[in-house]
C-alpha cells in the first residue's frame, strides 16, 4: 500500500512537472501562446498596461520637448531681431548726434564769427549790415533745425491729430503761395503758381501740418535749384463727392535732381542728403523730407517723387479730406501788422534777455510796458492796479516762484473788475499744440511761441483786444 501510494504521488508530481514544462514550451515557442493561468494572465496584462502607459508618456514628453524646442527657436529669433533693432537704433542715435553736432555748431559758429567782425568793424556800416544779415540767416537756420528735430521726435513717438480743425483750402493755398513766392524771388528764382478755385471750400485737416508739408517741399526745391531756376507749384482737385474731396499738391523744379537709388533708399531717411558735400553746400537739417513723409502718411495720403540728375525733381502729394459744410470762414484781414500804440501792457518774464527783446518790440510799436519777473509778482501787480490800468498781459509759462499757468488761473479767480476779461497771451518756448491747449485751458486767450516774432505778437494782441 505504501509503495502504491508513493508511486501514485511520484506519477502525479511527474505529471504536474510535465504539464508545466509543456506550458513553458508552448508559451515560448508557439506563435500564439497557450492560455495562461489566471495569475500569469493578470500579471502579463499588468505589464502590457504599464508598457503602454510608459510609451504614451514618452510620446507626450517627446511632443512637449519638440514644442519647447520650437518655442525656444522662436524666442531666439525674436531676441536676434530685437538685438538687430537695438544695434540699428544705437547706430541711428550715433549718426543723429554726429549730424546734430555739425548742424548746430555751423550756425552758432557763424553767429559768433559775425559778432566778432562787427566789434572790429564798428566804423564800417556796410560791413556791419552784411554781418547782421548773416547773423539773421544763421539764427533762422538754427531755429529751423530745432523745430525740425522737435517735429520729428513728435511724429515718431506720439500720435498727432491731423484732422481736428476746419480750414479753408483757398486761404491755405494763398498764404503758402504768397510766402514762398517772396522767398524764391529773393533768391532770384522764377515762380509759376496756379491752383483751382477753392473759395468757400472748407475741409477738416490741420493747417499747421498741411502748410508744413508744402513749405518743406518748396524749401527743398528752392535749396537744390540752379541759379535763375524755376519752381512750378500747382494745387488741384482730383475728385470730389458730397462729403469728401481729394486734392493734389505738386511742386516741380529745375534743380540738381536725384538718382533713382537715392529716392528709393535715402530720400525719406533722416539726415541723409543726395550729395555727400550737401551738408556743407546746402544749409539744412536733412529732416525736411522725412517730416513730409510722416505727415502725408498720417493724413492717409501719398507722395510720389520723379527726378532726373541734372534736370530737376517733381513732388506730387495726394491727400483726401473730409468736407466741412457747416463752418464759414471770414475773409482775412489785410492789416498785417496791427496797431498797439497807446496800449498798456504787463510783461511777465523771468529771463532778462527775453524781457529786453519783448520790451523793445512792444515799445517800438508804441505801447507802454510794465514788468513782472514771475507769476506771483504779476498777480500782485494786477490785483493792486486800478480798473483799466492794463489792456493786455503777456505771460511767460516757465518761471520761478509761480509759473504762468498758475498765475493765469489765480488772476482769473480774483475779484478785480478786469480779472475775467483782460486778454492774457502766453509767451513760451514750448511750441507743441498740446502746450497751446494747456494755456487755453488755464484761461489764456492766445499762445505765441518763442523766439518772439514781431508780427505774431502784434497779431495775437490785436486779435484779442477791444479798441
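Some points to look at:
- Within region 157-182, the residues that satisfy the criterion of being loosely packed, with under 14 Cβ neighbours inside 10 Å and more than 24 Å from residue 107 (Cβ to Cβ) are 157, 158, 159, 161, 164, 178.
- Positions within region 227-244 being touching a residue at least 60 places away in the same chain (Cβ under 8 Å) and in contact with a helix residue (DSSP H, G or I) (Cβ under 8 Å, 6 or more places away or on another chain), in sequence order: 235
- Only one entry in 108, 118, 104, 135 is within 21 Å of residue 289 (Cα to Cα) and touching a helix residue (DSSP H, G or I) at 6+ places or on another chain (Cβ under 8 Å), namely 104.
- Count of residues meeting criterion [touching a strand residue (DSSP E or B) at 6+ places or on another chain (Cβ under 7 Å), farther than 14 Å from residue 210 by Cβ and assigned to a strand (DSSP E or B)] in region 291-314: 8
- Verdict on residue 263 being buried (at least 19 other Cβ atoms within 10 Å of the Cβ) and either assigned by TED's automatic domain parsing to the domain that holds residue 228 or modelled with pLDDT under 90 (or both): no
- Taking the criterion of being more than 20 Å from residue 406 (Cα to Cα) and either over 33 Å from the mean Cα position of the chain (by Cα) or modelled with pLDDT of 95 or more (or both), the residues of region 345-360 that qualify are 356, 359, 360.
- Residues being surrounded by fewer than 17 Cβ atoms within 10 Å (Cβ to Cβ) and closer than 24 Å to residue 343 by Cβ - total across region 420-442: 3
- Candidates in region 235-257 are the residues that are under 26 Å from the mean Cα position of the chain (by Cα) and crowded, with 16+ Cβ neighbours inside 10 Å; of these, the one that is nearest to residue 171 (Cα to Cα) is 235.
- Criterion: at pLDDT 90 or above and closer than 26 Å to residue 161 by Cα - qualifying residue of 381, 433, 420, 441: 441
- For residue 318, the test of being assigned to a strand (DSSP E or B), touching a helix residue (DSSP H, G or I) at 6+ places or on another chain (Cβ under 6 Å), surrounded by fewer than 19 Cβ atoms within 10 Å (Cβ to Cβ) and modelled with pLDDT of 95 or more is failed.
- Unique residue being surrounded by 11 or more Cβ atoms within 10 Å (Cβ to Cβ), at pLDDT below 80 and within 29 Å of the chain's Cα centre (by Cα) when the list is 103, 136: 103
The values are calculated or read from the model by the stated rules, or taken from the named source; none is laboratory data. As the structure is a computational prediction, the values presented were derived from the model and not from experiment. Here Cβ is always computed from backbone atoms with ideal geometry, including for glycine, and neighbour counts include all displayed protein chains.
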